[in-house]
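Colleague: The structure under discussion is supplied below as structure tokens; questions concerning it will follow.
Nothing in this text is a laboratory measurement; each read-out follows from the coordinates by a stated rule. From a predicted model like this one, the values you see are computed outputs, not experimental measurements. In this analysis, Cβ positions are derived from the backbone assuming ideal geometry, glycine residues included, and neighbour counts consider all displayed protein chains.
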């Protein structure tokens, strides 16, 4: 069986941002995908309800992205949060809690196709997307938030690491493993 060329090719993506230049950058970066654009909360919510998407990319600030995230998660759409102004630990944690698969700074838009390719491949392979994100952007987050940024919410990050760094495939296998189940895990 031939290896898949690109995980972005031909997929349907909803891109939501209140800045037209950001939407155009997304369209240009993801040229092999089919992109629907929305520049406000209401048109985005309508598109989420009326269409099927393989991926959503949501700005956090200008379009109430965290609320839109609830809609995409409800519809089973893997969602990447994109931000410049909300680049802080609290918003990152909210994105995780609400079910985003990734949290990208707008400073990384030039690498969007490569990052999303890695994310979609991870989903396809049953691997954890957050591990990939933190492996690729750990230095960025450390510079942005400070080297000990996870210490304030240490319990959250320990629990998050336990849950999110185990692939979905592994989680499914463990849920059917009598040795694991007999230990109350």
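Colleague: Quick check: residue separation of residue 61 and residue 107 times 0.36 nm, minus the Cα distance between them. What number comes out in nm?
Modeller: Stretched fully, the residue 61-residue 107 segment lengthens by 15.0 nm.
Colleague: Here's another thing I want to ask about it. With the calculation restricted to Cα positions, what are the radius of gyration and Dmax of segment 47-143 in angstrom?
Modeller: Considering segment 47-143 through its Cα atoms, Rg and Dmax are 12.7, 40 Å.
Colleague: Describe numerically, in nm with one decimal, the distance between label points set 7 Å from Cα along Cα→Cβ at residue 157 and at residue 36.
Modeller: 3.8 nm
Colleague: Any chance you could run the full-extension gain for residue 121 through residue 20? It's 0.36 nm times the residue separation minus the Cα-Cα distance, nm to one decimal.
Modeller: Residue separation times 0.36 nm, minus the Cα-Cα distance, leaves 33.5 nm.
Colleague: Rule-of-thumb check for segment 21-102: C-alpha Rg over 2.2 N^0.38 Å? Could the numbers behind the result be given before it?
Modeller: Details: Rg = 12.0 Å, N = 82, 2.2 N^0.38 = 11.7 Å.
Relative to the rule-of-thumb radius for its length, segment 21-102 sits at 1.02.
Colleague: How many angstrom lie between the C-alpha centres of segment 32-57 and segment 62-125?
Modeller: Going from one Cα centre to the other spans 14 Å.
Colleague: Now a separate question. Arrange the peptides 140-148, 91-99, 55-63 so that the one whose residues have, on average, the most other Cβ atoms within 10 Å appears first.
Modeller: By packing density, highest mean first, the sequence is 55-63, 91-99, 140-148.
Colleague: Further question on the same structure: Just to be sure I understand the curve: with the Debye formula and one point per C-alpha of segment 13-58, what is log10 I(q)/I(0) at q = 0.26, 0.30 Å⁻¹?
Modeller: Log10 I(q)/I(0), no solvent term: -0.92, -1.16.
Colleague: May I pose another question? What fraction, in whole percent, of alpha-carbon pairs in the chain exceed 30 Å separation?
Modeller: 20 percent
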